[in-house]
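Inspection log for the structure reproduced underneath, given as structure tokens.
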Amino acid sequence: MRDKPNSEAERVALERLASHVAYGGNPSHKRDPGDFNLSPPSQPREGKTLCDGAGIKSHQVATELLRTGIQRGLVSVQERNGWPQYIWAVYNNDIPVEAILENSGTGTYHGYPLQNDDPYRALVLQRWKSS
């Protein structure tokens, strides 16, 4: 994860990214298709973390989490075509989520809650609360 943004230039760059980011979704992470308009609507796969468990069933909520994660600087050092490979956020003040870049041409991501045994959970919660 990148360090917290320290300069106005860094904050402006993150705001610019946040204004262009998109959430696409992935049927593998959905039991309830919500309003994501996926095709197929849902196709939960064994071993995949489901967004349903976090309670995220709205495309608007998922998009806002992406934007807020970027604005707070919870993005990976790794980038593809100017987009961070990963974005992290916290839903409902206690559920850390991770989004992975699925299309570096459009800045489109899909996301999922971090599992309880994922060591990144604590880091995401700590950074979220301190930003």
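Read-outs throughout are calculated quantities, based only on the coordinates presented, and are distinct from any laboratory measurement. Note that the coordinates shown come from a computational prediction; the quantities given were computed from them, not determined experimentally. Cβ: placed from backbone, ideal geometry, glycine included. Neighbour counts: every protein chain shown.
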Starting from the Cα-Cα distance between residue 8 and residue 106, subtract it from 0.36 nm times their residue separation and give me the gain in nm to one decimal. 32.8 nm
What distance in nm separates the simple spin-label points at residue 131 and residue 93, each placed 7 Å from Cα in the Cβ direction? 1.9
Which distance in nm do the two modelled labels at residue 79 and residue 117 give, with both placed 7 Å along the Cα-to-Cβ direction? 3.5
At residue 16 and residue 63, where each label point lies 7 Å from the Cα along Cα→Cβ, what is the point-to-point distance in nanometres? 2.2
Just need the Rg to Rh number for region 52-131, please, alpha carbons only, Kirkwood Rh. 0.94
Residues with beta-carbon under 12 Å from that of residue 4, excluding residue 4: net charge, scoring Lys, Arg +1 and Asp, Glu -1? +2
